[in-house]
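Structure record follows, encoded as structure tokens.
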Amino acid sequence: MSVEQTHEERETLAVEVNLPGHAPRTETALFERTRKALIARDGGCWICGATDAKDAPLQSHHYPVERSLATAWDWPRFMRDCKAGAWGLHAQAFDWDHFDAANPYTFVDDQTVNGMLLCEQHHIGKDAGIHAMPHPLWVWQRYAPNGYKLSDVEIIHHQS
Ligand SMILES: [Zn+2]
Ligand SMILES: [Zn+2]
């Protein structure tokens, strides 16, 4: 099969990194409150546009700061980037003057500044989730044409 025709690619990416020690994962009141605010503001999954449903609640992906990495994060460097707009308008507008790197979760768990709405499939699903595939392929799901058969488990369908 030539590369000029649609062809299957099998990714064999294996990743081994040293994660910093961190407190066990908890869902804070701030996270849950701002997840709802994010749904009200952004509406649907960033990839496919699926909206929040009782049997398929939208999930909020910590972005750009993954929660488990917050204890090994160069906060002054990140703050500088945010203030310069590198991470978008919402992270730029965050109240950085009252931020204390000793408790980074005031930013990390605030999903209106550090969250991305995703359906379960595009969050953690095999061959589809941001936690489960290389980033270029993940982004492609937002821009591949409607009806494109991306994999055995996914035909592109943009809801908005
Ligand atoms: Zn989705
Ligand atoms: Zn996530």
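The values are calculated or read from the model by the stated rules, or taken from the named source; none is laboratory data. Since the model is a prediction, treat every value here as computed from it, not as a measurement. Reconstructed Cβ throughout: ideal geometry from the backbone, glycine too, with neighbour counts over all protein chains shown.
Those residues that are touching a Phe, Trp or Tyr at 6+ places or on another chain (Cβ under 8 Å) and in contact (Cβ under 8 Å) with a residue 60 or more places away in the chain, I need them from the stretch 22-62; list them, please. Across the stretch 22-62, the qualifying residues are Thr28, Leu30, Ile47. In this entry, Arg35 passes the filter for residues that are of a type in the set (D, E, K, R), within 16 Å of ligand 1 (Cβ to nearest atom) and under 13 Å from Met116 (Cβ atoms). Evaluating Ala101 against the criteria (1) farther than 30 Å from Glu11 by Cα; (2) in a helix (DSSP H, G or I); (3) away from ligand 2 (no atom under 16 Å from the Cβ) leaves one unmet condition, (2). For Ala84, indicate whether it is touching a helix residue (DSSP H, G or I) at 6+ places or on another chain (Cβ under 9 Å) and at pLDDT 95 or above. Against the criterion (touching a helix residue (DSSP H, G or I) at 6+ places or on another chain (Cβ under 9 Å) and at pLDDT 95 or above), Ala84 qualifies. Quick check: anything in the stretch 107-130 of a type in the set (Lys, Arg) and not in a loop (DSSP other than H, G, I, E, B)? No: zero hits. The helices (runs of 4 or more DSSP H) located wholly in the stretch 1-96 that include 2 or more residues which are β-branched (Val, Ile, Thr) and within 15 Å of the chain's Cα centre (by Cα) occupy 29-42. Checking the structure you have, find out if any residue of the stretch 81-92 is more than 16 Å from ligand 1 (Cβ to nearest atom), loosely packed, with under 14 Cβ neighbours inside 10 Å and over 27 Å from Ala40 (Cβ atoms). Taking every residue of the stretch 81-92 in turn, at least one turns out to be more than 16 Å from ligand 1 (Cβ to nearest atom), loosely packed, with under 14 Cβ neighbours inside 10 Å and over 27 Å from Ala40 (Cβ atoms). Leu137 satisfies every condition listed in (1) touching a residue at least 24 places away in the same chain (Cβ under 8 Å); (2) in a loop (DSSP other than H, G, I, E, B) except (2).
The residue that is farthest from ligand 2 (Cβ to nearest atom), counting only those in the stretch 35-68 that are of a type outside the set (A, V, I, L, M, F, W, C) and in contact with a strand residue (DSSP E or B) (Cβ under 6 Å, 6 or more places away or on another chain), is Thr51.
Condition first: out of contact with any strand residue (DSSP E or B) (no Cβ under 6 Å at 6 or more places or on another chain) and within 17 Å of Phe31 (Cβ to Cβ). Now tell me which residues in the stretch 121-130 satisfy that. Across the stretch 121-130, the qualifying residue is only Ile124.
Return the residues of the stretch 128-147 that are surrounded by fewer than 15 Cβ atoms within 10 Å (Cβ to Cβ) and of a type outside the set (Gly, Ala, Ser); say none if nothing qualifies. Scanning the stretch 128-147 gives His131, Pro134, His135, Pro136, Val139, Arg142, Tyr143, Pro145, Asn146.
Just checking, how many residues over the stretch 98-127 are surrounded by fewer than 19 Cβ atoms within 10 Å (Cβ to Cβ) and within 16 Å of ligand 1 (Cβ to nearest atom)? Of the residues in that region, 5 qualify.
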